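Below: one structure, written as structure tokens.
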Amino acid sequence: MLAYVLCMVLLAIGIYGMVAKKNVIKMIVGLAVTEYAVNMLLVVLGWRKDGIPPILAPDHPEQVTRVGDTLHASSQFLATTVDPLPQALVLTSIVVGLAVVALAVALAVRIYQKYGTFDITEIRKLKG
Amino acid sequence: MKREGMTLIVKTITRLITGFILLFGFYVVVYGHITPGGGFSGGVVIALALILTLLAFGNRFVEEYALLGQEGLKRSDVLAALAFLVVAVLGYFLASDTVGRVFFGNWIPIGTPFHLWSGGIVLVCNVAVGVKVATSLFAVLLVLAAFHNHRRYNPAEPKEE
Amino acid sequence: MFEVTTVHYVLMGFMIVASLVAIETADLLGSVICVGAVGFALSALNLLLGAPDLALALEVVDVLTFVVLIRVVRTRRDTYHATSRDTLGIAAVIAGLSVLLVITSLSLADLPVFGEPVLRMTKGYLEAGLQSNAAVNYVTSIVFDFRGYDTLGEATVIFASIIGAFAVLRRVGRKHEA
């Protein structure tokens, strides 16, 4: 329960950085922190205490059972593995977050080239 | 980012280690179904190796290789995305009936576990996504670097207080 | 000895402190470095939570975010001093976020206990995974085979944002009109 509350605190800090700051770079920093917080919440939901990563290792033969001529994951593996579904959702979300930060930085570079400042109050005064 | 790159020490070290980073990136992409990794993380590692070359040698050196110019990058990006989509659509026609003729049905013959040729559709999709992510991210940084060099902002008066 | 969850809480506390420093400091270069530290700590936390794929992916993505942010910060002036401070606005934002935190904490008590997940949807994937496609890494088999449609959507989102970045920075070849 404490772990989930700490994730929400990090999310609140990220949202504060995006909303209450006047510098475009600080807004991008807040965006990055919000992404980290959401990914962390998803991964924390899938942890099992004393769990192993959801990958079968070839040098641990007790993790597979052989039925006929096909291999199956053994029940000992199923009882100690960590949930792989949240990790699958987060894996693509991390790279999508990077692409969004790259797009935001491209916008910031263009803003600086046009207005000469990163301060949004001054950009609002200069009407283009 | 200057157009000519950095000092001689940086260039020598980059020549020595870029090959190893690329090799590690290809390993993470191709063995994505056996060890941790996969298309997305391997693609970012390959993009990092190419960005190291861009930072150390400058824009002009990188753009003179036709394969790493902007046109070549955009073409390979689009081709990899199309390959991913074609593999997915072919599952609708070619999948066997045990898997089901659905979108993303597994129509490539699956091998034995723990071998390189296993996982069917997973291996081909890993390679397609790895190429796509690597070329996309490198192309964005190339455009950011070239933008800075061509349109430099000249402040009329200093902007700090 | 400590429980294993103590290390998790210490890492989370470090991330919260580093993100506060990243947002509040006046030095732009310092805030970019602190975001890199947050990503690094999260990558270590992923490794301790049994997710080695995510640790590798987040580590390299953190380095690349750092490179991209340094590119926009380095060539400008490094410090930024607030010209005016809108205290009423900042107080309203903090009050709103506190209300959000209180309300979500009441509903977070219904989630499964930290350390005992409910594997309701994953049981099918784990039991039938090796027969359906012989991929030993269950995370990759879920991403590309069982839930491949979501991966297609994410690849489209990456594609769209990269094209957006190209479209914003389009006028590269123009000669600078002197």
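Using C-alpha pairs under 8 Å with a sequence gap of at least 6, the mean separation divided by the residue count of chain C gives a relative contact order of 13 percent. Taking chain A as the region of interest, the number of lysine pairs whose Cα atoms are within less than 29 Å, with members eight or more places apart or on different chains, is 11.
Quote to one decimal, in nm, the extra length available between C:ILE94 and C:TYR149 on full extension: 0.36 nm per residue of separation minus the C-alpha distance between them.
This chain segment gains 15.9 nm when fully extended.
One Cα centroid belongs to the range B:27-59, the other to the range A:52-128; the line between them spans 15 Å.
Less than 5 angstrom separates the built amide H of A:ARG48 from those of A:ASP83, all sequence-distant by 5 or more or on a different chain.
Each stretch of four or more DSSP H residues adds -39500 (n - 2.57); spread over every residue of the protein assembly as shown, this sum gives -22500 deg cm²/dmol at 222 nm. In angstrom, the C-alpha Rg and Dmax of the range B:8-150 are 17.9, 61. Result for chain C in a Gaussian network model with C-alpha springs under 10 Å: among C:ALA18, C:ALA165, C:ALA51, the largest mean-square fluctuation is at C:ALA165. With only the Cα atoms considered, the range A:1-68 has a convex hull volume of 127 Å³ per residue.
Springs between Cα atoms under 10 Å define the GNM used for chain C, and in it the highest mean-square fluctuation of C:SER161, C:SER141, C:SER31 occurs at C:SER161.
The alpha carbons of the protein assembly as shown give a radius of gyration and a Dmax of 23.6, 80 Å, in that order. Run through the range C:81-165 and list the trypsin sites (Lys or Arg not before Pro) located in a DSSP loop whose Cβ has at most 11 other Cβ atoms within 10 Å. In loop regions of the range C:81-165 (DSSP not H, G, I, E or B), the sparsely surrounded trypsin sites (Lys or Arg not before Pro) are C:ARG85, C:ARG120. Global size of the range C:1-81: 14.5, 49 Å for Rg and Dmax (C-alpha atoms, Rg to one decimal, Dmax whole). The Cα center of the range C:24-48 and the Cα center of the range C:93-117 differ in position by 24 Å.
Extending 7 Å from the Cα toward the beta-carbon at both B:TRP117 and A:THR80 defines two label points whose distance is 3.4 nm. Springs between Cα atoms under 10 Å define the GNM used for chain A, and in it the highest mean-square fluctuation of A:LEU42, A:LEU89, A:LEU71 occurs at A:LEU71.
With all pairs of separate Cα atoms included, the range B:1-89 yields a Kirkwood hydrodynamic radius of 14.5 Å. Bridge orientation summary for the protein assembly as shown: considering DSSP beta bridges with both residues in this region, about 80 percent are antiparallel. From the P(r) of chain A, can you give the percent of Cα pairs sitting at distances over 27 Å? I get 45 percent for the Cα pairs in chain A exceeding 27 Å.
Values in this text are rule-based calculations from the coordinates and carry no lab data. All of these numbers come straight from a predicted model, not from anything done at the bench. Note: ideal-geometry Cβ built from the backbone for every residue, glycine included; neighbour counts use all protein chains shown.
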